């Protein structure tokens with residue numbers, strides 16, 4: 001399956017938004033330091049995931065959320081107050 005996911009870093013309380021067709025593999029890559037932007041902020045925790053039928057739809061939503069750059073919107077998505 002294909003996923004949109006949100007990770008949270010416990011050191012600085014920041015969020016990372018991504019999409020993948022293999023969530024377990026991608027989380028392992030993130031927590032092993034293979035993602036440059038998260039390398040110094042490990043560990044990260046999965047706080048949200050949503051399944052999509054195809055990776056294109058997941059990536060469209062990922063890009064949309066990254067453009068918002070709004071912490072409140074991300075936290076509302078995680079809490080279920082805002083549906084995507």
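The values are calculated or read from the model by the stated rules, or taken from the named source; none is laboratory data. Just so it is clear, the structure is predicted and the values come from calculations on it, not from any experiment. Reconstructed Cβ throughout: ideal geometry from the backbone, glycine too, with neighbour counts over all protein chains shown.
Among the residues making up region 54-76, those that are closer than 13 Å to residue 16 by Cα and in contact (Cβ under 8 Å) with a residue 40 or more places away in the chain are 62, 65, 66, 71, 74.
Do the conditions hold for residue 82, that is, is it touching a helix residue (DSSP H, G or I) at 6+ places or on another chain (Cβ under 7 Å) and at pLDDT 95 or above? Step through it out loud before you land on a result.
Numbers: touching a helix residue (DSSP H, G or I) at 6+ places or on another chain (Cβ under 7 Å): yes; at pLDDT 95 or above: no.
No.
Out of the residues in region 18-41 that are in contact with a helix residue (DSSP H, G or I) (Cβ under 6 Å, 6 or more places away or on another chain) and modelled with pLDDT under 95, which is surrounded by the most Cβ atoms within 10 Å (Cβ to Cβ)? Once the filter is applied, the top-ranked residue is 30. For region 42-53, a residue qualifies if it is over 10 Å from residue 5 (Cα atoms) and either free of Cβ contacts under 8 Å to residues at least 24 places away in the same chain or surrounded by 11 or more Cβ atoms within 10 Å (Cβ to Cβ) (or both), and the qualifying residues are 42, 43, 44, 45, 52.
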